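Below is one structure; the comments refer to it alone.
The values are calculated or read from the model by the stated rules, or taken from the named source; none is laboratory data. Here the structure is a predicted model, which is why all the values come from computation and not from measurement. So basically every Cβ, Gly included, is an ideal-geometry build from the backbone, and we count neighbours across all protein chains shown.
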Amino acid sequence: MAKKRLNKRQARIEREKRLKRRKRKRLAIIFIELLILAGLGVVAYGMFVMDKMDTTTLNKSDLKVYKSTGDYTNIALFGLDSREGELDGGVQSDCIMIASINNKTNEVKLVSVFRDTLLKVGDEKYGKANSAYNIGGPTDAIALLNRNLDMDIEKYISVNFNVMADIVDDIGGIEVDMTEEEVEWTNQYCGETAAVVGRAPHSTLSGSGVQKLDGVQAVSYARIRYTAGMDFKRTQRQRIVLEKIVKKAQEANVITLNNIINSVMPQISTNLTAGNMLALAAHAKDYKLGEMSGFPFEVTTCEKVKGHKGSYATAVGLEKNVSELHQFLFGKENYEPSKTVQDISDEIIYMTGVDPETYKETTDYTYKSGGEDTAQKSDDKNE
């Protein structure tokens with residue numbers, strides 16, 4: 001009898017063990033299902049976000065892609081002078097940047113191409129860098145960068161005025177150290193900027209030093225070109241604003257980032273796919289903003305350009321500047337530019353007379369990135 005009771009007890013214990021094992025197994029299956037659902041949710045949300053954007057497909061053969069730069073992802077960033085929300089062409093690109101991501105170290109370097117730089121904008125046409133987007137949208141704008149700079153850019157992101165204002169407001173503003181002259185010009189621009197981005201009139205800033213800027217003020221600050229340094233300094237201000245945005249966004253919580261995504265995505269044009277976006281997002285917290293610079297590294301203004309009217313930012317030797325660009329972005333010492341770049345460089349020397357071998361500072365303004373500004377002239381205040 002006692003043996004029978006023992007057998008029943010052992011059987012009950014075995015049943016309980018089997019139930020616990022089944023329960024643990026079921027919990028594990030549920031946990032795995034939740035992970036799968038979460039993953040699908042991320043993908044679905046990424047697809048939902050992508051659906052909000054103005055996504056395009058570009059023909060690679062039209063982009064003038066040069067040979068691969070190796071372990072780098074290079075993306076063109078265009079800030080458009082779009083008052084009516086145009087994103088696909090017919091407007092000038094006020095801001096032209098190359099974001100170069102080192103896929104091994106996650107370091108991101110930024111280069112601003114001065115918008116008035118004299119470059120080859122078509123197969124047989126020379127003009128200002130910002131005219132390429134106006135002529136042929138993102139395709140021609142990317143082709144300009146690849147053709148003149150030996151780049152392998154295939155992806156781009158274009159935004160209008162509103163995007164920067166929305167992002168800065170969503171992250172609670174940014175702090176920028178400003179001169180009195182910059183404060184004065186920012187205040188002057190705020191009225192027009194507020195009207196363009198649909199905001200109420202703004203209170204004015206005062207004094208020099210660190211200022212907390214909202215969206216309209218940040219955009220206005222980034223648009224200034226009439227202080228000493230003109231457009232060369234404007235591109236520097238644009239990089240400062242972008243750097244401040246990136247740092248605050250990396251510290252933002254999920255709700256803030258979600259607000260940014262929902263407000264910004266409908267105002268973006270890009271050919272990044274959902275997969276591209278998710279791959280970039282996966283490393284977002286790991287990206288480190290590295291060095292930033294303007295391009296050309298050594299540049300001057302030139303008022304007398306054969307066959308052209310107006311003032312042009314002119315590289316003091318495009319070939320030499322492109323060599324320096326590849327060293328700056330990719331660490332390639334003594335980079336030899338392509339025959340295409342050499343020919344463009346020679347043509348610009350012929351058109352402007354600005355020859356790096358014999359050049360003397362005889363024009364209105366000369367700028368060396370990271371160096372000293374050697375002369376200033378701001379009489380021409382026509383944008």
| task | Restricting attention to the stretch 89-126, report how many residues are among the aliphatic types (A, V, I, L, M), farther than 18 Å from Ile240 by Cβ and either assigned to a strand (DSSP E or B) or at pLDDT below 90 (or both). | result | 4
| Just one of the numbered conditions (1) over 21 Å from Leu110 (Cβ atoms); (2) modelled with pLDDT under 80 is not true of Gly229; which one? | (1)
| query | Where residues in the stretch 274-295 are in contact with a Lys or Arg (Cβ under 9 Å, 6 or more places away or on another chain) and not in a helix (DSSP H, G or I), which of them is farthest from Ser100 (Cα to Cα)? | reply | Gly294
| remark: Apart from one, (1) crowded, with 18+ Cβ neighbours inside 10 Å; (2) without any contact (Cβ under 8 Å) to a residue 60 or more places away in the chain; (3) within 18 Å of the chain's Cα centre (by Cα) all hold for Gln250; the odd one out is (1)
| said: Every residue in the stretch 127-146 that is surrounded by fewer than 24 Cβ atoms within 10 Å (Cβ to Cβ), out of contact with any Phe, Trp or Tyr (no Cβ under 8 Å at 6 or more places or on another chain) and either closer than 18 Å to Gly79 by Cβ or not small (Gly, Ala, Ser) (or both), please. | reply: Ser131, Asn134, Ile135, Gly136, Gly137, Thr139
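Residues checked against (1) among the aromatic types (Phe, Trp, Tyr); (2) in contact (Cβ under 8 Å) with a residue 60 or more places away in the chain; (3) touching a helix residue (DSSP H, G or I) at 6+ places or on another chain (Cβ under 6 Å):
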{"position": "Lys120", "(1), (2), (3)": "no, yes, yes"}
{"position": "Lys125", "(1), (2), (3)": "no, no, no"}
{"position": "Ile157", "(1), (2), (3)": "no, yes, no"}
{"position": "Ala165", "(1), (2), (3)": "no, no, yes"}
{"position": "Val168", "(1), (2), (3)": "no, yes, yes"}
{"position": "Glu175", "(1), (2), (3)": "no, yes, no"}
{"position": "Trp185", "(1), (2), (3)": "yes, no, no"}
| request: Scan the stretch 213-226 and give yes if some residue there is part of a loop (DSSP other than H, G, I, E, B), farther than 15 Å from Phe161 by Cα and touching a residue at least 60 places away in the same chain (Cβ under 8 Å), otherwise no. | output: yes
| Out of curiosity, is Gln238 touching a Ser or Thr at 6+ places or on another chain (Cβ under 7 Å), in a helix (DSSP H, G or I) and over 24 Å from Ala76 (Cα atoms)? | no
| said: If I ask for residues that are without any contact (Cβ under 8 Å) to a residue 60 or more places away in the chain and either surrounded by 14 or more Cβ atoms within 10 Å (Cβ to Cβ) or over 14 Å from Leu118 (Cα atoms) (or both), which ones from the stretch 305-334 would you list? | reply: Val316, Gly317, Glu319, Lys320, Asn321, Ser323, Glu324, Gln327, Gly331, Lys332, Glu333, Asn334
| query | Name the residues in the stretch 336-351 that are farther than 16 Å from Gly127 by Cβ and among the hydrophobic types (A, V, I, L, M, F, W, C), would you? | reply | Val341, Ile349
| query | Hey, among Glu319, Glu333, which residue is farther than 25 Å from Lys233 by Cα, over 21 Å from the mean Cα position of the chain (by Cα), modelled with pLDDT of 85 or more and not in a strand (DSSP E or B)? | reply | Glu333
| Just for the stretch 183-198: of the residues that are closer than 16 Å to Gln211 by Cα and in contact with a Phe, Trp or Tyr (Cβ under 7 Å, 6 or more places away or on another chain), which one is surrounded by the fewest Cβ atoms within 10 Å (Cβ to Cβ)? | Trp185
| Out of curiosity, is Thr235 surrounded by fewer than 15 Cβ atoms within 10 Å (Cβ to Cβ), closer than 30 Å to Thr55 by Cβ, within 18 Å of the chain's Cα centre (by Cα) and β-branched (Val, Ile, Thr)? | no
| remark: Taking the stretch 127-173 and the residues there that are of a type outside the set (Gly, Ala, Ser) and in a loop (DSSP other than H, G, I, E, B), the one that is nearest to Glu192 (Cα to Cα) would be Asn160
| task | Sort out which residues of the stretch 267-289 are in contact with a helix residue (DSSP H, G or I) (Cβ under 9 Å, 6 or more places away or on another chain) and either on the phi > 0 side of the Ramachandran plot or surrounded by 15 or more Cβ atoms within 10 Å (Cβ to Cβ) (or both), and write them in order of number. | result | Gln267, Ile268, Ser269, Thr270, Asn271, Leu272, Ala274, Met277, Leu278, Tyr287, Leu289
